[in-house]
Amino acid sequence: MVRPFQWRNKKTMSVIPAPTKPLVKLDFLRMMMISREGDRREGILLRQSKGWFQVSGMGHEAIGAMAHALRPDDWLFPYYRDRGLMMARGMSSYELALAYLAKRDSSSGGRQMPGHYSSRELNVGSVCTPTGGGLIPAAGVGWAMKLDGKDSVVVATVGDAAMRQGEFFEAWAFAVQEKLPVIFCIEDNKYGISTPTAHFMALNIPGIIAEDYVVKCDGRRPELVLQTTLEAVGKARRGDGPTLIWFDLDRLSSHTSSDDHRVYRDLDDIAEMADRDPIKLLRDELIESGELTMEQFEKMQEEIITLVDEEYRKAELAEDPKAEEVEDHCWGTPDRPEKPPIEAGPQTMVDAINKVFHKAVESDPDVVFFGEDIEDPKGGVFKLTEGLSANFPKQVFNSPLAEATVIGVAVGMAMYGKKPVFELQFVDFMAPAWNQIMTNISTTRWRSFGHWKTPMCIYAPYGAYLPGGSLWHSQANEAYLAHTPGIKLAIPSTPEDAAGLFWTAMHSDDPCFILVPKHIFRKRVDVKSIEPLGFGKAKVVREGSDVTIATYGNTLELAHEAADKLAGEVSIEVIDLRSIVPLDIETLTASVEKTGRLVVIQEDTKTCGFGQNVISEMVSDADRFSLFLASPQLVSRGDVHIGYNPIYEYAALPSVEEVVAAVRVTME
């Protein structure tokens with residue numbers, strides 16, 4: 001029987017919509033007990049050396065009542081203590097057992113730690129370990145829902161310690177700004193591993209979060225959890241914006257299996273917490289109301305022990321991951337490049353990109369642009385998006401000055417099914433967004449065993465050879481992105497190549513970064529032929545027979561100037577790599593087979609730069625190594641920053657003279 005609740009707002013006495021599925025307290029108690037027994041079973045298995053790590057949800061189980069307020073089309077971005085919430089959403093104990101034992105059929109294919117939940121079918125976004133990393137993507141999903149005119153909602157949960165992450169505040173600010181249908185939940189168990197959080201937790205510091213948005217709830221009692229959630233869900237579905245639910249509860253266990261809370265917590269405090277155990281509280285309530293007896297509870301507990309034991313034994317026998325599949329799901333379906341929608345004739349890279357952008361938003365309502373100053377009348381600081389917002393105001397939006405927001409929102413929108421084409425105003429400002437790039441863009445497909453993906457096009461002006469930029473507007477730092485698995489990366493040097501790469505990126509199944517070299521992107525050239533261009537295809541732009549110069553972006557000019565200077569002395573073949581990841585090693589090999597010599601030019605710093613990778617790839621293979629008549633040479637910026645005074649800038653950057661000297665070294 002369903003216990004009779006009065007679903008009313010305590011302040012206004014207005015009727016609150018009934019839960020999506022009734023909260024039958026006896027059934028909910030059973031679910032919490034199964035969750036708890038799973039935690040206990042994993043602890044036993046760990047001590048038996050069956051498994052490597054365990055994170056417990058003990059004390060957080062009552063949060064699962066939130067699921068009773070949600071529809072199938074609602075989304076969840078949980079954190080690692082939400083075992084009860086995941087079971088209430090629809091995950092089985094067997095699925096959690098597969099995850100604990102890192103089996104091939106688990107939600108991550110054995111690639112994630114236990115507690116890192118994921119389910120495409122249940123709209124549960126894949127959990128990342130960096131705390132709070134799912135909050136901005138949750139806001140991105142909420143924004144996509146709002147743009148589509150849906151009344152779905154997003155629930156995002158974190159622990160109290162994670163609330164001090166900068167990304168929490170970026171996500172919260174964006175949700176309030178846009179009145180997004182997002183419910184942020186702080187599961188306040190008073191500890192960040194061993195550190196008491198009362199002094200740090202933002203909700204304990206007056207004035208940081210507007211109190212009108214905050215609702216505090218006893219997170220140990222499922223009916224209160226549900227009622228609070230129903231109010232927040234109703235508010236979100238009406239379009240009235242986000243709510244921050246502050247759940248007061250206890251972490252009844254150590255932080256993880258690698259921790260022992262008896263070292264830093266008072267033993268009397270640990271004993272007192274047991275009296276606030278949500279399972280004990282609900283059990284006692286049901287016994288007092290006559291709906292349960294202690295004998296029935298003990299019998300149910302015995303049945304659950306047997307059930308969970310069977311499920312974990314079954315999971316132990318499940319298939320393990322296959323070593324040969326370790327690289328599977330780094331990439332999506334192969335790109336199918338098409339001819340970009342530009343015409344032949346004189347134009348700049350900026351012109352060509354702008355034309356492609358217009359065609360993209362015109363042809364697909366799911367394409368969304370987002371970035372700093374990209375709306376008209378500014379149209380981007382370099383006019384890349386000029387005219388877009390004037391013609392397509394529902395698809396083109398200015399972002400706040402918050403790069404983590406830009407990239408994190410792209411993650412959520414891509415997971416939802418939108419097609420983000422987002423701008424970083426300069427690639428130099430990539431650092432504030434690095435957590436989202438490395439944590440979510442790079443890993444989501446791989447860590448979810450292909451169930452989730454984040455296809456998007458992120459672009460940024462790039463590079464120096466343009467005096468006055470100084471440290472933060474002149475960097476060429478492609479190596480950071482190239483080093484990060486799961487990201488495609490290109491640096492075009494002509495209008496037609498820029499158009500082709502952007503058109504492919506905007507239709508790709510993968511996250512694609514395109515860096516646009518500032519020194520040459522306003523150079524007007526006569527485009528004579530336009531062909532489809534995908535990632536991973538270099539181009540021989542100058543034929544030669546003695547030395548191969550491989551480069552990309554701004555430094556392509558240096559290659560041509562050096563070749564002109566050495567005309568009559570050395571015949572130089574110039575290759576524009578265009579694509580950094582993937583790298584076209586075949587075109588390079590064919591050229592070196594002809595010339596026997598290689599010079600690589602890069603604008604980035606020398607140590608661990610991509611040019612070193614090119615040389616390493618060429619000499620690490622025995623067949624390719626045998627082609628060389630001389631040691632390959634790298635011409636690079638030194639390990640130094642770009643200064644504001646042009647004297648500093650050009651002293652740091654590769655020069656034509658350095659390229660000429662490197663070529664002559666290979667000819668000795």
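The values are calculated or read from the model by the stated rules, or taken from the named source; none is laboratory data. Computed from a prediction, not measured in an experiment: that's the story for all the values here. Every residue, glycine among them, receives a Cβ derived from its backbone with ideal geometry; neighbour counts consider all protein chains shown.
Tabulated values for the structure
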quantity: Flag if residue 266 is assigned by TED's automatic domain parsing to the domain that holds residue 104 and either farther than 30 Å from residue 203 by Cα or without any contact (Cβ under 8 Å) to a residue 40 or more places away in the chain (or both); calculated: yes
quantity: Single residue of 561, 496 found to be part of a helix (DSSP H, G or I) and out of contact with any Asp or Glu (no Cβ under 9 Å at 6 or more places or on another chain); calculated: 561
quantity: Lone unmet requirement of (1) assigned to a loop (DSSP other than H, G, I, E, B); (2) assigned by TED's automatic domain parsing to the domain that holds residue 613; (3) hydroxyl-bearing (Ser, Thr, Tyr) for residue 508; calculated: (2)
quantity: Only one of 293, 256 that is modelled with pLDDT of 95 or more and hydroxyl-bearing (Ser, Thr, Tyr); calculated: 293
quantity: Residue match in the stretch 304-316 (condition: at pLDDT 95 or above and either at positive phi or outside any helix (DSSP H, G or I) (or both)); calculated: no
quantity: Test: residue in the stretch 422-431 that is out of contact with any strand residue (DSSP E or B) (no Cβ under 8 Å at 6 or more places or on another chain), surrounded by fewer than 24 Cβ atoms within 10 Å (Cβ to Cβ), among the small types (Gly, Ala, Ser) and in a loop (DSSP other than H, G, I, E, B); calculated: no
quantity: Matching residues in the stretch 394-421 - criterion: being in a helix (DSSP H, G or I) and aliphatic (A, V, I, L, M); calculated: 404, 406, 407, 409, 410, 411, 413, 414, 415
quantity: Of all residues making up the stretch 461-497, the number that are under 29 Å from residue 327 (Cα atoms), small (Gly, Ala, Ser) and out of contact with any Leu (no Cβ under 7 Å at 6 or more places or on another chain); calculated: 3
quantity: Any chance residue 299 is touching a helix residue (DSSP H, G or I) at 6+ places or on another chain (Cβ under 8 Å), surrounded by fewer than 15 Cβ atoms within 10 Å (Cβ to Cβ) and modelled with pLDDT of 95 or more; calculated: no
quantity: Hits in the stretch 339-357 - residues which are assigned to a loop (DSSP other than H, G, I, E, B) and surrounded by fewer than 22 Cβ atoms within 10 Å (Cβ to Cβ); calculated: 339, 341, 343, 344, 348
quantity: Only one of 208, 245, 193 that is within 27 Å of residue 404 (Cβ to Cβ) and free of Cβ contacts under 8 Å to residues at least 24 places away in the same chain; calculated: 208
quantity: Segments classed as helices (runs of 4 or more DSSP H), wholly inside the stretch 573-668, with at least 1 members that are surrounded by fewer than 20 Cβ atoms within 10 Å (Cβ to Cβ), at pLDDT 95 or above and within 34 Å of the chain's Cα centre (by Cα); calculated: 585-595, 610-620, 646-652
quantity: Residue in the stretch 358-391 that is surrounded by the fewest Cβ atoms within 10 Å (Cβ to Cβ), counting only those that are of a type in the set (Val, Ile, Thr) and closer than 16 Å to residue 427 by Cα; calculated: 381
quantity: Residue within the stretch 125-133 that is part of a loop (DSSP other than H, G, I, E, B) and more than 29 Å from residue 202 (Cβ to Cβ) present; calculated: no
quantity: Residue ranges of strands (runs of 3 or more DSSP E) in the stretch 161-257 with at least 3 members among the β-branched types (Val, Ile, Thr) and surrounded by 18 or more Cβ atoms within 10 Å (Cβ to Cβ); calculated: 182-188
quantity: When residues of the stretch 53-111 are limited to those that are in a helix (DSSP H, G or I) and hydroxyl-bearing (Ser, Thr, Tyr), the one surrounded by the most Cβ atoms within 10 Å (Cβ to Cβ); calculated: 100
quantity: Residues of the stretch 428-464 satisfying the condition of being more than 21 Å from residue 77 (Cβ to Cβ) and in contact (Cβ under 8 Å) with a residue 60 or more places away in the chain; calculated: 459, 461, 462, 463, 464
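Yes or no, residue by residue, for (1) modelled with pLDDT under 95; (2) in contact with a helix residue (DSSP H, G or I) (Cβ under 6 Å, 6 or more places away or on another chain); (3) outside the structural domain of residue 231 (by TED's automatic domain parsing):
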| residue | (1), (2), (3) |
| --- | --- |
| 18 | yes, no, yes |
| 51 | yes, yes, no |
| 61 | no, yes, no |
| 67 | no, yes, no |
